[in-house]
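Accompanying notes for the structure given below.
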Amino acid sequence: MADFLELCKKRFSARKFTDEPVKAEDLQYILECVRMAPSGVNFQPWKFVIVKSPEAQEKLYQCYERDWFQTAPLFVIAYKNTSQEWVRKYDGKHIGDVDVAIAVEHLCLAATERGLGTCWICNFIPEKLAQLFPQSEEFVPVALIPIGHIAPDCPVKEKSRKPLSEITETI
């Protein structure tokens, strides 16, 4: 197994998948990694809806209208639970989006470790998603994540990251 830095370097936003299904044991492993994600005061203010059926996928395609999106065999809708998210008392900052982001990154890295691709999508149509995948009002969608085997001709952009000197400060 690669070290953590190598795993981080290997993960990228996959935008083309094969039609090979995701193995049940791989999905179970990925979801267990999601479950282990930390959250503010351990409130775990999230819900992850697995979209597998062709009928549900057809509905999901209406929420993010990109051709490549439809190549994935499996999707996850990540929701935050606004009634369970921790709120910092000093300034009233809600931490639910941060908590879900941590869990989604666990998902993406676990999928990468299993040889699968993912793409974190926040640019979906929330009203359409709420209409087609109704949840109780405290559940707010944060991200859509397609998961699948990366197509051999999937475009891969070279990672461009700021240097450490630009993003860190020692005081």
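Okay, helix-only estimate at 222 nm for the chain: each DSSP H run of n ≥ 4 adds -39500 (n - 2.57), divide by all residues, round to 500 deg cm²/dmol; what do you get?
So the helix-based figure for the chain works out to -9500 deg cm²/dmol.
Kyte-Doolittle cut-off 0.5, length cut-off 15 Å along the helix's own axis using Cα: show which whole DSSP H helices in the chain pass.
96-113
If you take the charge dipole of the chain about its Cα centre, with +1 on Lys and Arg Cβ and -1 on Asp and Glu Cβ, which of L74, C33, C8 is farthest toward its positive end?
The residue sitting farthest along the positive end of the dipole is C8.
Pairs of Cα atoms under 8 Å, at least six residues apart: use those to get the relative contact order of the chain, whole percent.
Here the relative contact order equals 35 percent.
Using the Cα centre of the chain as the reference point, and only Cβ charges (+1 on K/R, -1 on D/E), how large is the resulting charge dipole? Debye, rounded to the nearest 20.
Dipole size: approximately 220 debye.
Accessible area per residue, 1.4 Å probe, Å², for the range 1-131: what's the number?
Computed with neighbouring chains in place, this is 56 Å² per residue.
Might you work out the accessible area of E6 for me, using a 1.4 Å probe with all protein chains in place, and round it to the nearest 10 Å²?
So the heavy atoms of E6 present about 90 Å² to solvent.
Mind checking which of A78, A14, A151 has the largest fluctuation in a GNM of the chain, springs on alpha carbons under 10 Å?
Of A78, A14, A151, the most mobile in the Gaussian network model is A151.
Considering only DSSP states other than H, G, I, E and B, which chymotrypsin sites (Phe, Trp or Tyr not before Pro) in the range 89-171 qualify as loop sites with at most 13 other Cβ atoms within 10 Å?
Y90
For a quick check: with amide H placed at 1.01 Å from N, whose amide H comes under 5 Å from V142's, ignoring anything fewer than 5 positions away on the same chain?
Those lying under 5 Å, H to H, from V142 are A78, Y79, K80.
Within the accessible area of the chain, what % is carbon and sulfur when the probe is 1.4 Å and the other protein chains stay in place?
That share works out to 54 percent.
What do you get when you divide the Cα radius of gyration of the range 28-171 by 2.2 N^0.38 Å, with N the number of residues?
Dividing the Cα Rg of the range 28-171 by 2.2 N^0.38 Å gives 1.14.
The values are calculated or read from the model by the stated rules, or taken from the named source; none is laboratory data. Predicted model, so just to flag it, every value in this text is computed and none were measured. Cβ: placed from backbone, ideal geometry, glycine included. Neighbour counts: every protein chain shown. Accessible surface is based on the protein model in full, side chains and every heavy atom, while ligands, DNA and RNA are left aside. Shrake-Rupley method; radii C 1.70, N 1.55, O 1.52, S 1.80 Å.
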